[in-house]
Amino acid sequence: MMKSMTSLRDLRHILRDVLGEDRFVENLEERLCASYDASRVSVLPDFVVYPRDTEDVCRVLGACHERNVCVTPRGAGSGLTGGAIPVRHGLVLDFSKMDRILEIASSDLVAVAQPGVVVSHLQRAVEKEGLFYPPDPASSEFASLGGTVAECAGGLRGLKYGVTRDYILGLEAVLADGNILRTGCRALKSVTGYDLTRLFVGSEGTLAVFTEITCKLLPLPSCILTLLASFPAIEGGLDAASVVVASRLLPRALEYMDERCIRCVDDYGDAHFPPEAKSCLLVELDGFDEESLVRDAKKVERICRDQGALTLERAVDTKARDGLWAARRAISPSLYRMSAKKVNEDICVPRSKMSKMIREIQQIEREMGLPIVNFGHAGDGNIHVNVMVDKEEEMPRARDAVKRIFQRAVALGGTLSGEHGIGLAKASFLSIEVGERELETMKNIKALFDPTGILNPGKIFV
Amino acid sequence: MTESLPEISFPLVEALDRCARCGQCRSLCPVFERNLNESDVARGRISLLQAFLEGQSISEDKLGELFYSCIKCYRCEANCPSHVEYGPIISSMGFLFGLKGSWVRLVSWMLRWILPRRRLYDGILCLARWSQIMLPSQRGMSMRHLPISLFHRKAMPALAKVPALRRAPESEGRGGVLLFTGCLGNYVYPQTVRSTESILRSAGFRVEIPRQQLCCGMPLKAIGDKTGARRLAERNADLFESMRPDWIVSPCPTCAGHLKRGYVELIGDRAMPWMDHVKDMSELLVQESDLLDREAKALSGTLKPRVVYHDPCHLLWVLRVREEPRRLLQEVSVLLETEQGPRCCGMGGIFSALHPLLASQIGSQRANDLLSANPEEVVTGCPGCMLQLQERILASGHSIPVLHTSEVIARHLDRQKR
């Protein structure tokens, strides 16, 4: 303890002088503002640093490494699993102010940006050039690029466009000891050595800290078409989604909502479904040719009708499409109305196992006596499971329900987390999915990059 | 919790607990967009206030400072996925930690003295008008500096020769529409009051502009002075209770929003009876009159100006009025929208005085948004936005006029009559 106090004092002494008082902060108020994220856990760091460039990050990590002080990187603090919580205190590296887009190269289909750039800002900037950065987590309006790379954020467009991992070509990263490591390159193909970029994407800030991110871009699709269908059976939406995929159609989004979810949204008032609707499916197609898009839309509509769709709506212009998305957007706020707290998990199962998973969740719901609301990305098998909790006493039961849901998901060939990451929230469940030898391998990799364990400790592994 | 906390009637602890820490407010806050400080968004403030109430040693001065650095556009509240009631939270923050420094005390003392005394208020503004006339017009269109450099030497429109209330017709009794002028409407833009009145009359409403009305109290609330604000609210409540208007309309959505949603924070249940009766003029015209149908027929073949509409934050996010002004403006103009969607103009009342540079930056950005739509006129529904946008547009070297929605519609109705 004595040793750590002196090392903190030491660190303050060194860093405050080089960084200045506006970038090296230790007042309680700003420390508190770097203590939480959307997981609602809060742990105070000892210091907060707002780095301005890579050199600042190197200095901080070098100094912390020498003194064995923990470092937790932080983007917008919008993560759901506690990735940005400084559980062992130490120093938080807040990247909010490293928010420049460095380059958009149309001819290479590449963008280079600092980690603090807000995802939607990058998206809008490349869209101005007719380009497209597809990863689109629900938090894209405020999440930082660095954070989404560290968590390998997913989003609605997984089936057609993949996830963040598929759009990161290269990284400039700073290792725990303060040395810079450059991975990948600007070229679209590269098989030179091990793929460290892929290792770092989704590493939740435990292996290295990113300071520059090279993203792959696509041409921006010029036409988008949205469909919304409701079904009388709880599997209706999922079955329709399965047939859509089996028919060799490739929508950019296939969003599923179950009955509870529909009722919640209905009460909320932003969208209306027939009372007998038990599930719904939102389909979004995109492309460069309107005619073929309409052709595909008709196929989707036929499939929905064959699956017994109660209602079917189609929208092309932005405003009408927005209207159809209103239901999807209303889920999160309407759930908060339903009960005070929710345990929100994001399991992912093979596409074909989705209906089975939903039925198993219903079974667990009956057994545990807690309402569970499901919605998710039917295209990629990612189900957002929300166990609704009204009173604190129900929390242990909710955690129990979650554990059983995880076990079922893994048994069906799926995973604990499709896009939120493990962080703090799911660390204790990791062994459900990851075997002993695999865990050992992961720990060895961690030790290789961060031998003293100062980078985002307490995450992923218990 | 410290012992000296004044009583807050609002269930503050529960309200703070609703925040899910999702971070959505980071994408909505005009102040955060500039300075990127977490403590400037609702999530940061809520966390700090919560920590303070839990007994952590958060500096009260810092909490006071954060109250003043909020521009109070309420955009985060209107768009919060967890429905956190940020409005009452930020007010509570002001009541608890505002009003500490000597200068705010002085301002509050002055406002408490002047605002409830109409003749004194008139007199002071008359003096200000004369001193304003002495100064040369700086940027054309009668924008001048006020002698007091409160607004960071920001140019101001000429104060009205005769305040709107002084010209108000005698009251005809209870009911009808009570037109609440607001201070800017009364002293700076009386034409907005006149045009609102004439439109409502053409639409068949009986309009009352009672001279006993006082400042809504927002300026006092905005510096954290609950007592001062409550006194004004009570006097206005007396007036509303005796007049029993069917509707309360103000050309200033900040006043209207405060009457509708903010008075509860000051006078509790007493504000309930008229909450639903406060409407924007555009709502009343679209929902409660057939003016639009009548006009739509008469409009064919007229030459319409190209106008771009700026959503005032308090109209959009507090009164939640978006479509109605557009419906009206579409009839009388070629209506343009900004590519960027609604964004704050950076006025924020007292905010411009405390953070003049930030306010100007936010304002210039908004002025640019509006000018890039290439309009002949900028139209908005708020005198505060008018003041800020006109100043920023002139400062950027353009001479596009900024008008109130009611002015554009009244001008059109006038032409029809002729």
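Each reported figure results from applying straightforward, stated rules to the coordinates on display, with no laboratory input. Keep in mind that what you see is a predicted model, and the values were worked out from it rather than measured. Note: ideal-geometry Cβ built from the backbone for every residue, glycine included; neighbour counts use all protein chains shown.
Taken residue by residue and averaged, Cβ atoms of other chains lying within 10 Å of the Cβ of B:36-42 number 5. Listed by chain and number, the lysines placed with their C-alpha closer than 26 angstrom to that of A:LYS356 are A:LYS160, A:LYS278, A:LYS299, A:LYS342, A:LYS403, A:LYS426; residues fewer than eight positions away on the same chain are left out.
Most simply put, the protein assembly as shown has about 70% antiparallel DSSP beta bridges, counting only bridges with both residues inside it.
Across segment A:249-260, rounded Karplus estimates of 3J(HN,Hα) from the backbone phi angles (6.51 cos²θ - 1.76 cosθ + 1.60, θ = phi - 60°) give 9, 10, x, 7, 9, 9, 9, 10, 10, 8, 4, 4 Hz, Gly and Pro being marked x. Quick one: Debye curve from the alpha-carbon atoms of chain A only, equal weights, vacuum; give me log10 I(q)/I(0) at q = 0.05, 0.09 Å⁻¹ to two decimals. Results for chain A at q = 0.05, 0.09 Å⁻¹ read -0.19, -0.62. The gain in end-to-end length when the B:ALA78 to B:GLU288 segment is fully stretched comes to 73.1 nm, 0.36 nm per residue minus the alpha carbon separation.
With the largest listed first and rounded to whole Å, the semi-axes of the equivalent ellipsoid of chain B from the Cα gyration tensor are 33, 24, 23. One decimal place: the segment A:CYS223-A:LYS299 gains 25.7 nm when fully extended, by the rule 0.36 nm per residue minus the C-alpha distance.
Here segment A:47-116 and segment B:308-372 have alpha carbon centers that stand 34 Å from each other.
Amide H to amide H distances under 5 Å link A:THR72 with A:LEU91, A:VAL92, A:LEU93, A:ASN456, where only residues 5 or more positions off or on other chains count and H is placed in the peptide plane.
Dividing the Cα radius of gyration of segment B:265-418 by 2.2 N^0.38 Å, with N the residue count, gives 1.12. Only helices enter the 222 nm calculation for chain A: every DSSP H run of n ≥ 4 contributes -39,500 (n - 2.57), and dividing by all residues gives -11500 deg cm²/dmol, rounded to 500.
I need the phi-derived Karplus couplings for segment B:189-198: 6.51 cos²θ - 1.76 cosθ + 1.60, θ = phi - 60°, integer Hz, Gly and Pro marked x. Result, rounded to whole Hz: 10, x, 5, 5, 5, 4, 5, 4, 4, 5. Neighbouring Cβ atoms from other chains, within 10 Å of the Cβ of residues in B:76-87, number 2 on average.
Among beta bridges from DSSP that stay inside chain A, the antiparallel ones total about 90%. A Förster radius of 45 Å, combined with the Cβ-Cβ distance separating A:GLU440 from B:GLN56, puts the computed FRET efficiency at roughly 0.65. Counting only DSSP beta bridges whose two residues both lie in chain B, roughly 15 percent are antiparallel. Legend: mean number of C-beta atoms from other chains within 10 angstrom of residue C-beta atoms, peptide A:116-122, equals 1.
Shape summary: the protein assembly as shown maps onto an equivalent ellipsoid whose semi-axes, from the alpha-carbon gyration tensor, are 49, 34, 27 Å in decreasing order. Applied to segment A:53-58, the Karplus parametrisation 6.51 cos²θ - 1.76 cosθ + 1.60 on θ = phi - 60° returns per-residue 3J(HN,Hα) values of 8, 4, 4, 4, 5, 4 Hz, with x for Gly and Pro. Counting lysine pairs in chain B whose alpha carbons fall under 25 angstrom apart, excluding pairs fewer than 8 residues apart on the same chain, gives 20.
With the simple model of a label 7 Å out from the Cα in the direction of the Cβ, A:ALA427 to A:ALA340 spans 2.7 nm.
Among the GluC sites (Glu not before Pro) found in segment B:40-104, those both in a DSSP coil and sparsely packed, with 11 or fewer other Cβ atoms within 10 Å of their Cβ, are B:GLU54.
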